[in-house]
Structures are given as structure tokens and as C-alpha cells.
Amino acid sequence: MAHVSSSTRAAARRGEGRLAACLLAPTVIGVGLFTLLPMAASVLLAFFDWDIVSTPEFVGLDNFASVATNPTIRVSFLNTFGFVVVAVALQILVALVLAVLVQTRMPGWLRAFFRSAFFFPLILSAASVSLIMSYLFNEDFGTVNAILGLVGLGPVGWLTTTTGAMCVTVLVYVWQNFGFTFLLFVGGLASIPKDVYEAADIDGASGWRQLTRITLPLISPTMLVASVMAIISALQIFDQPYVLTRGGPGDSTRTAVMVIYQSAFQELHFGLASAIGLLLMVIIMIATWLQFRLSRRFVFYM
């Protein structure tokens, strides 16, 4: 009887294993075909010169040498790094300030409204938002310059000057993406025990002291997650500068992903595009590793 019971359990386990394999198979196959295989092909293609039409030609490290010597590629990476520094800092600052304001002195219904309102831009298409913003900031007939004209200020070349184009790109990107960071901070603030603030009030701690000594340290894990995700996203920016300025004026808003697109689909240098993409991936991995490494000094886990 025990032998039959053991055999039955073994058969049941085998059946469960086959069922689990069947359920996981579509995901595994999908990830393999549409993620792992393209990644491997992209890494391999970085060592070839290929224009789709002709046979791929092995060129070794020539594509990576072109990345180092091509001035347009260098400028695009510098633009990307500058954009990341400004946009991520502004995105985290705006999201944190609004999250603190929403979570403190505000009725529940109004808090729910602002949560939805701030998150709404994130569900919109980046291309459509950028297209609308390009009309709003148009130098000749844009709404922004029309409002400035009402107060006696002359038209500003928002998208035709180097500084103006980068400022508009940063503002549009932050406006559309800060909602997700805002929700992360709202969740982090909601997890802080209220009795901590009550004890601080009894001790006479001011609002600023509570913010710097209680709030910021206790949401530091949330801030780490928010900064990691924000930097990864900002390093891959494409839609906003492409629709707003096409990388101009000159190359002032041209980013690394824009150069990848241009090299691959306009110039048909797929090997060079793969090399740039591989370099960008390595930069993202290094930036993420550095953030987690440095987080040991400022992240406080309750």
C-alpha cells in the first residue's frame, strides 16, 4: 500500500512538473526569441559591417573605434550625460516635494485627485505629447510666446537656440515622467509610522528637522529605486528630442539613442549602431552598479 502511495505521489509530481513546463513555455520561448536572441545578435553584429543588402563583413573593433573618433557620437553621449544629470535631479526633486505636500496637509479626496492627475501624463504617448509641446513652444505662433507677448516680453526661440531647445526637452521629459517617481515617493511616505512624527512633535522638532532627520532617511530605499529607474530611463531618451528638435539646433539635443536610430535606419550602418547600443548598455550597467554600491552610505533600512 505504501508502495502504491509513493508511486502515486511521484506520478503527481511528474504531472505537476509537466504542467508547470507547459505554462512557462510561452514565456520562456517569447523571452528567448524576442529578448535574448536579439541581444546576442546585436552583440555579434557590433563586430561586423552590414547594410542589410550586402553580406556582413567582419571588421573587428573598427565600429568601436568609430564610436571613439566620431565627433557626432561623442557629442551625443555628452548631451545624454548632461541631460541625465539635469532631468533626473529635477524629476526627483519635483516628485519628492509634491509627494511631501500631498501626503501631509490635504484631504483624502484631494490627495487621490492629485495622484491621478500627476500620473496621467505618463500614460500618454511621448511622441504625441512632444508634438503638442512643439506647437506650444513654437517661436512664431506658439502659446508660450503669445503669453509672454501679453506681458511685454519678446518672442523666445525655444526650439531654435541651443539653451532653449535643451531646456524645453528637459521640461517636457520631466513633466511626462515625474508622475511615476511621485507615486513611488507617496508609497514610501505612507510606509513611515505616524508615531515617529508624533514623537518628534513632542520633542519640539521643526518641520525642516523632521524632513531631514526622519522623512529623507526613512524613504532612502525608495529614493534609491526611483533614482536607478530614472537614470536608466533618461539614458535611453529618444522620443522628446527627436520630435521636438530632430537633435538640433546643430547637435545640441542629439542623444545616444538618436544616433543609434540614425546609424541603423537612415545610414544602414547596423554594425556601428550595435556598437553604440552595446556601449550604452555597458554605461547603464556601470551607472546602476555605482548607485547600489554608493547606496550603502546613505540608504537606511527600517
| Is it the case that segment 268-284 has a residue that's of a type in the set (S, T, N, Q), at negative phi and open to solvent by 30 Å² or more (accessible area, probe 1.4 Å)? | no
| Can you name every residue in segment 216-257 that is under 15 Å from Leu96 (Cα atoms), among the polar types (S, T, N, Q) and open to solvent by 10 Å² or more (accessible area, probe 1.4 Å)? | Thr222, Ser227
| said: Which pairs turn up if I take residues in segment 210-229 that are in contact (Cβ under 8 Å) with a residue 24 or more places away in the chain and more than 16 Å from Gln91 (Cβ to Cβ) and look for partners that are assigned to a helix (DSSP H, G or I) and of a type in the set (Phe, Trp, Tyr) with beta carbon separation below 9 Å, at least 6 apart in sequence or on another chain? | reply: Thr215/Tyr197; Pro217/Phe298; Ser220/Phe298
| helices (runs of 4 or more DSSP H) wholly inside segment 1-75 containing at least 1 residues that are touching a Gly at 6+ places or on another chain (Cβ under 8 Å) | 37-45, 62-69
| said: On the basis of being out of contact with any strand residue (DSSP E or B) (no Cβ under 6 Å at 6 or more places or on another chain), at pLDDT 90 or above and open to solvent by 30 Å² or more (accessible area, probe 1.4 Å), does Thr104 make the cut? | reply: no
| task | Output the number of residues of segment 178-204 satisfying the condition of being open to solvent by less than 30 Å² (accessible area, probe 1.4 Å) and either free of Cβ contacts under 8 Å to residues at least 24 places away in the same chain or within 20 Å of Met229 (Cα to Cα) (or both). | result | 9
| of a type in the set (Val, Ile, Thr) and at pLDDT 90 or above - does that describe any residue in segment 14-32? | yes
| remark: Per the list (1) in contact (Cβ under 8 Å) with a residue 60 or more places away in the chain; (2) assigned to a helix (DSSP H, G or I); (3) open to solvent by 60 Å² or more (accessible area, probe 1.4 Å), residue check on Phe265 breaks on (1)
| List the pairs whose first member sits in segment 268-279 and is more than 20 Å from Leu37 (Cβ to Cβ), whose second member is of a type in the set (Gly, Ala, Ser) and open to solvent by 30 Å² or more (accessible area, probe 1.4 Å), and whose Cβ atoms are under 7 Å apart, counting only residues at least 6 apart or on separate chains? | Leu272/Ser66
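The values are calculated or read from the model by the stated rules, or taken from the named source; none is laboratory data. Remember, predicted model here, so these are calculated numbers, not experimental data. As a convention, Cβ positions derive from the backbone with ideal geometry for all residues, glycine included, and neighbour counts pool all protein chains shown. Side chains are part of the model used for accessible areas, which takes the heavy atoms of the whole protein and leaves out ligands, DNA and RNA. Shrake-Rupley method; radii C 1.70, N 1.55, O 1.52, S 1.80 Å.
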